[in-house]
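In what follows, a single structure is set out as structure tokens and then discussed.
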Amino acid sequence: MANISVGIVGLPNVGKSTLFNALTKKGVPAENYPFCTIDPSVGIVPVPDERLEKLSALSKSKKTIPAVVEFVDIAGLVKGASEGEGLGNKFLSHIREVDAIIEVVRIFEDKDIIHVHDKIDPLFDIEIINLELKAAGIEKPTLYVVNTSEASENKRDVLNKIPGPYIEIDPIFGTGLDKLINESYKLLNLITFFTTGEDESRAWTTKRNARAPEAGKSIHTDFQEKFIRAQVVSYEDLIKTGSMVKAREKGLVRTEGKEYVVQDGDVIEFLI
């Protein structure tokens, strides 16, 4: 599966770039992921997963490679973007290329950071952004990120009215970033499976309910076309027994065929 990309959108001065910068500080060099675009507005961010570290230690792997999400800092949105206002056209072409949208909404008051409409009204902001996206015919999964630096009094009322899944974050202090990365992953209905050995332990991404050949495609297209079978053990079983050899002795490593639906946390060896 090619890289997952999530576009970060928001009106000017809501903390969108602060959030993007905080995420990219956690980033990994793009050259490790040959299919990634190297572009200052794209950050390649690892999906936090302690299971990978444990598998790597178990296999004494030389390399540990996490699954990643690509975050794209999309040019600030203004009212009328769908008619080409501001950087409207550029904004819309970028947003069509992402798999999901994170909408940053500001809930804090700060007289030094002017809000584009001279008032803090997160629900109004959401309405503007969603109208622009709708006018451009864009309907993708959306996660709302409520930027709560110095949270405001009426926060509860606002949160109750947000029209979709949301998380609260303070981009200045970087709190909640891991949660944001994991929620983006969930938003897209993705799961993680692993390959592990002495050379490397690696986390891979596939859609929930994918069958084994389709999941194998994440590793290499040949794995889908030439799939014969897969040796599968659950992460828990492998960690509990302490090695692949012991897991095999206990009959916990299963041989699965083309119809097998991959589960989150499966450790798989594909045979082609």
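Note down the net charge around Val233, summing +1 for each Lys or Arg and -1 for each Asp or Glu among other residues with Cβ under 11 Å from its Cβ.
Surrounding charge for Val233 is 0.
Counting Lys and Arg as +1 and Asp and Glu as -1 over every other residue whose Cβ lies under 12 Å from the Cβ of Thr142, the net charge comes to -2.
Packing, taken as the mean count of other beta carbons within 10 Å per residue, orders the peptides 161-168, 237-244 from highest to lowest as 237-244, 161-168. Here Ile162 and Gln263 are evaluated by their C-beta separation; at R0 = 30 Å the FRET efficiency comes out at 0.40.
The local environment of Leu252, defined by Cβ-Cβ distances under 9 Å, has a net charge of +3 under the rule Lys, Arg +1 and Asp, Glu -1. For region 209-271, the dipole from Cβ point charges (+1 on Lys and Arg, -1 on Asp and Glu) about the Cα centre works out to 200 debye, to the nearest 20. Taking each residue as 0.36 nm, the span from Glu127 to Glu256 lengthens on full extension beyond its C-alpha to C-alpha distance by 41.6 nm.
Spread over its residues, the convex hull of the C-alpha atoms of region 209-271 is 75 Å³ per residue. Heavy atoms of the protein chains alone define the surface here; on that basis region 209-271 has 56 Å² accessible area per residue at 1.4 Å probe size. With 28 Å as the limit, the listed pairs Lys25/Lys140; Lys26/Lys186; Lys155/Lys179; Lys25/Lys186; Lys60/Lys258; Lys179/Lys250 have Lys60/Lys258; Lys179/Lys250 beyond it between alpha carbons.
The values are calculated or read from the model by the stated rules, or taken from the named source; none is laboratory data. This one's a predicted model, so the numbers in the text were calculated from it and none came from an experiment. Neighbour counts are summed over all protein chains in view; Cβ atoms, including those assigned to glycine, are modelled from backbone coordinates with ideal geometry. Note: accessible area is taken over every heavy atom of the protein model, side chains too, but ligands, DNA and RNA are not part of it. Shrake-Rupley method; radii C 1.70, N 1.55, O 1.52, S 1.80 Å.
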